[in-house]
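The values are calculated or read from the model by the stated rules, or taken from the named source; none is laboratory data. Remember, it's a predicted structure, so these values are computed and weren't measured experimentally. Positions of Cβ are generated from backbone atoms using ideal geometry, with glycine treated the same way; all protein chains shown enter the neighbour counts.
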Amino acid sequence: MSSPSTSSESSSRPLWIYKAIADGYPTYRADIAVLFGKALPSVGIHSHLVAQLAPGADAGNLPEWTGGTLEVLPRYDSRIRSQLTAFFGATRSLLRLRKGRFDAIQVRDQVFVALTGLVVARRLGIPFFYWMSFPLYEAAQRTAADLGLKLGLVRFLFLWARGRLGAWLLYRVVLPRSDFVFVQSDRMREDVARLGVDPEKMMPVPMGIDPERFAHPAAVPIDRARLAGKRVIAYLGTCDRLRRIDFLFEVLAEVRTRFPDAMLLIVGDAPEEEDQRWLRQRAVDVGVADDVMITGWVSPAEGQSWMATAEVAVSIFAPDPLLDSCSPTKLVEYLAMGKAVVANDQPDQSVVVNESQAGFCVPFEVEPFAGAVMRLLSDPAAAAEMAVRGPDYVRRRRSYPILAEQVAAAYRRWIRV
């Protein structure tokens, strides 16, 4: 392992870091697009980003990568072929690196690529960082166990082997040998430390917001006809089954016993067609289909326009070891939009709500969650008082310019110049 740098020069020279990511490009993830692409360059940390083409993206018409330089790997219709292409493409890219080009190597959520990254970093005499945003290999094992041969024999075996081997390599080989590890939350650091990784060499980097985006939101016209005269409760984000968004249908049914004009607005959708059908059928099963509006996937600017219609914004993470270590983007975005929130007591959500005092944090149970929503709907003045606390809190604690300074300081402690 390298030793941290203490030279005064290291605090001023622009740095270039090679960053291989598992996410496609262009990416919707704010910590890549805003933190890596905008906030870190403003404090002298530039990235050579290596990413696979995002599904449906036009390789000939990609947006500019503002964080530095970009290397895009091809994508194919076959999921397994695409994953293998991402691995071999990033590996070849790493093996071509020569001394003096980059100040460090960082791999995000790709443990098999990280093995090569570690070897190359040691050969070049530069630090190696690992960025862990989600327990991906545990999730792969969960999917293989839950769906089994419904996935098809080849995909089942691929997921099972990838999950088991990936987790072993991550916790036994890559993280212990990394110079520094960035994790998503305090809970993730605790979880990883329990597996034997030194907590002193891990830094939580929670999800944040781009203050410029929320200070001057773009005005996007939307059709509000279905929301006319309604008390709107809104959820923004993805709706895959793991997140248990159907819980909100049960909450809505309870809220409507007291507020019959309440309506649930879902800004987003499930990523898979099968889950989209499941989501809509669950609304029917619970008896609230006429009182639920699902916009489908929309642009960030349009999403903000839809959220502007909400009296209450809700954020849920079903109790689950895979989700407990997450840092929710939607919650800090709600606060940046000036919304009163109700969130369940997932670890990072609890921290944000309790520190900001911009809403209520309750158990993941229908009665207390619906009760918190009804408290806000019944007292608009109190809800408004809570809502105004959010923007200032996220600017001070969860804005990417603030987080970028912390991440840059961690980089500079390890990079020798």
Examine region 198-209 for a residue that is in a strand (DSSP E or B), closer than 18 Å to L322 by Cα and not hydrophobic (A, V, I, L, M, F, W, C), and state whether such a residue exists. yes
Buried (at least 19 other Cβ atoms within 10 Å of the Cβ), assigned to a helix (DSSP H, G or I) and of a type outside the set (G, A, S): which single residue out of D275, D348, D269 fits that description? D348
Here the residues within region 225-258 that are among the charged types (D, E, K, R), under 26 Å from R277 (Cβ atoms) and touching a residue at least 60 places away in the same chain (Cβ under 8 Å) are R226, R243, R244, E250, E254
Among the numbered criteria (1) surrounded by fewer than 20 Cβ atoms within 10 Å (Cβ to Cβ); (2) in contact with a Leu (Cβ under 6 Å, 6 or more places away or on another chain), which one does D103 miss? (1)
Looking at region 112-159, which of its residues are touching a Ser or Thr at 6+ places or on another chain (Cβ under 7 Å) and either assigned to a helix (DSSP H, G or I) or of a type in the set (D, E, K, R) (or both)? V113, T116, L159
Are any residues in region 160-197 part of a helix (DSSP H, G or I), under 21 Å from Y411 (Cα atoms) and of a type outside the set (A, V, I, L, M), and if so, which ones? P176, R177, D186, R189
Residue list for region 171-202, filter: more than 21 Å from T116 (Cα to Cα), in contact (Cβ under 8 Å) with a residue 24 or more places away in the chain and more than 16 Å from the chain's Cα centre (by Cα): D191, V192, L195, G196
Would you check which residues across region 49-102 are among the aliphatic types (A, V, I, L, M), within 13 Å of P26 (Cβ to Cβ) and either part of a strand (DSSP E or B) or touching a Gly at 6+ places or on another chain (Cβ under 9 Å) (or both) and list them? L49, A51, L53, A54, A57, L70, V72
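Residues are listed down the side, and each one gets a yes or a no for (1) within 22 Å of A340 (Cβ to Cβ); (2) within 18 Å of the chain's Cα centre (by Cα); (3) of a type outside the set (K, R):
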residue: G208; (1), (2), (3): yes, yes, yes
residue: E212; (1), (2), (3): no, no, yes
residue: A218; (1), (2), (3): no, no, yes
residue: A228; (1), (2), (3): yes, no, yes
residue: R231; (1), (2), (3): yes, no, no
residue: R241; (1), (2), (3): no, yes, no
residue: I245; (1), (2), (3): yes, yes, yes
So for region 332-343 (the condition being β-branched (V, I, T), surrounded by fewer than 24 Cβ atoms within 10 Å (Cβ to Cβ) and either in the same structural domain as Q184 (by TED's automatic domain parsing) or not in a helix (DSSP H, G or I) (or both)), does at least one residue qualify? no
Anything in region 145-164 that is in contact (Cβ under 8 Å) with a residue 12 or more places away in the chain and more than 30 Å from S350 (Cβ to Cβ)? List them, or say none. V154, R155, F156, F158, L159, W160, R162, R164
Can you confirm whether S325 is hydroxyl-bearing (S, T, Y), within 18 Å of the chain's Cα centre (by Cα) and closer than 30 Å to R13 by Cβ? no
Out of the residues in region 19-48 that are over 19 Å from the mean Cα position of the chain (by Cα) and part of a helix (DSSP H, G or I), state the one that is nearest to Y137 (Cα to Cα). P41
When you scan region 371-383, do you find a residue that is assigned by TED's automatic domain parsing to the domain that holds P321, of a type in the set (V, I, T) and assigned to a helix (DSSP H, G or I), even just one? yes
